[in-house]
Amino acid sequence: MNPLILATWRFGQAACAKGFSLLAEGLSALDAIEAAANVVEEDPNVNSVGYGGLPNAEGVVELDAAIMDGAQHTAGAVAALTGFRRPISVARCVMERTPHVMLVGENAKRFALQAGFVEEELLTEAARQRWLAWRSNQTGAEVAHFDRLSKEGHDTIGLCALDKNGNLAAGCTTSGLAWKLPGRVGDSPIVGSGLYVDNELGAAAATGDGDEIMKVCLSYRAVMLLERGYTAQQACEEALRYLLRKRPPETCRPYGAALIALRKDGDCGAAATRTGFQAPDRLWIWAIASTEHPEGL
Ligand code: SD4
């Protein structure tokens, strides 16, 4: 089986390069996903993931992350976690060291400390300045105004990987929507919404408006379409058509959603409900298989 890894957004390229180098050495899809996600989590210039992420409405960086292992059909997640650069690694510890799937907020932090992670300030000066600028424009009762999902292309990283043994894994890690209400959790750490893996079928991961993605269990739906014989591309497109039917854009915030999917046999696909998840001529989705695709898919 040829290993393969794919990710959302332009910054997914560096993640894929790291993940693929591990897959090529024979490491598992699970290890590749974690290491690939860590690359973006550590990058202060990515203002939507990990260290350097934009904060919530009160200026606190709250992170959501999940990892799913197809080989064992198991998952781990953290939500509204503060103070740790690599939330996907904390999520993996939840999966491997507890009988649970998700830990949240202060108790997720307590768990991370007990697991040996080092607490740090995640709000960079650049992110703080953007938050201050946003806050100075707010008037009294106005609640979270989200400016994410602009054409900047700074967003959640979703990843799917296939290793040489044919096992699949997926991951998602994000600081969520900028200026969100404290405690708001998006789709990214929710199994079935932000990510899903069925080792016999394939894997999917989502990015976009988590408050809409969660209403249709988008990643689960894409994987279930693989079961019906859809290609990965068809599965992404059909799952997003379902989202658009249930939640017509005129009734929602105009942010939309995008999906990546990877079938068990290596077939891969990506689709979005609108432009803005795209460079002018292609989706900002990166895949690395036996050959690199430096221009994205
Ligand atoms: C969220 N889905 O927290 C994430 C944000 C994102 O593209 O992916 N935006 O809702």
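Tabulated data
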quantity: Scan of region 244-273 for residues that are away from the ligand (no atom under 13 Å from the Cβ) and among the charged types (D, E, K, R), ordered by number; calculated: Arg245, Lys246, Arg247, Glu250, Arg263, Lys264, Asp265, Asp267
quantity: Tally, over region 180-210, of residues that are surrounded by fewer than 24 Cβ atoms within 10 Å (Cβ to Cβ), over 23 Å from Gln72 (Cβ atoms) and touching a Leu at 6+ places or on another chain (Cβ under 8 Å); calculated: 1
quantity: Residue satisfying all of: in region 169-191; at pLDDT 95 or above and of a type in the set (D, E, K, R); nearest to the ligand (Cβ to nearest atom) among these; calculated: Asp187
quantity: Residue count, region 192-212 (criterion: within 12 Å of the ligand (Cβ to nearest atom) and either in a strand (DSSP E or B) or among the basic types (Lys, Arg) (or both)); calculated: 5
quantity: Residues being surrounded by fewer than 19 Cβ atoms within 10 Å (Cβ to Cβ) and either of a type in the set (S, T, N, Q) or within 15 Å of Asp187 (Cβ to Cβ) (or both) - total across region 221-241; calculated: 3
quantity: Whichever residue in region 34-49 is away from the ligand (no atom under 13 Å from the Cβ) and of a type outside the set (Asp, Glu) and, among such residues, is surrounded by the fewest Cβ atoms within 10 Å (Cβ to Cβ); calculated: Asn45
quantity: Check on Glu125, away from the ligand (no atom under 16 Å from the Cβ), out of contact with any strand residue (DSSP E or B) (no Cβ under 8 Å at 6 or more places or on another chain) and free of Cβ contacts under 8 Å to residues at least 40 places away in the same chain; calculated: yes
quantity: Count of region 52-78 residues which are in contact with a strand residue (DSSP E or B) (Cβ under 8 Å, 6 or more places away or on another chain) and within 18 Å of Val90 (Cβ to Cβ); calculated: 14
quantity: Residues that are surrounded by 13 or more Cβ atoms within 10 Å (Cβ to Cβ), closer than 26 Å to Met68 by Cβ and in contact with a Leu (Cβ under 9 Å, 6 or more places away or on another chain), drawn from region 96-138; calculated: Leu103, Val104, Gly105, Ala108, Lys109, Phe111, Ala112, Leu122
quantity: Tabulated pairs, region 214-236, first over 14 Å from Gly266 (Cα atoms), second surrounded by fewer than 21 Cβ atoms within 10 Å (Cβ to Cβ) and among the polar types (S, T, N, Q), C-beta under 8 angstrom, 6+ apart or interchain; calculated: Leu225/Gln234
quantity: Selection within region 1-33 - within 16 Å of the ligand (Cβ to nearest atom), under 18 Å from Met68 (Cα atoms) and among the hydrophobic types (A, V, I, L, M, F, W, C); calculated: Leu6, Ala7, Ala15
quantity: Hey, Glu142 at pLDDT 95 or above and out of contact with any helix residue (DSSP H, G or I) (no Cβ under 7 Å at 6 or more places or on another chain) or not; calculated: no
quantity: Matching residues in region 114-127 - criterion: being part of a helix (DSSP H, G or I) and within 23 Å of the chain's Cα centre (by Cα); calculated: Ala126, Ala127
quantity: Any helices (runs of 4 or more DSSP H) falling wholly within region 1-109 and containing at least 2 residues that are within 18 Å of Tyr196 (Cβ to Cβ); calculated: 29-41, 87-97
quantity: Residue within region 238-255 that is over 19 Å from Thr207 (Cβ atoms), out of contact with any Phe, Trp or Tyr (no Cβ under 6 Å at 6 or more places or on another chain), among the β-branched types (Val, Ile, Thr) and in a helix (DSSP H, G or I) present; calculated: yes
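The values are calculated or read from the model by the stated rules, or taken from the named source; none is laboratory data. In this text, all values refer to a predicted model and were calculated from it rather than measured experimentally. When we count neighbours, we look across all protein chains shown, and the Cβ atoms used for this are built from the backbone with ideal geometry, even at glycine.
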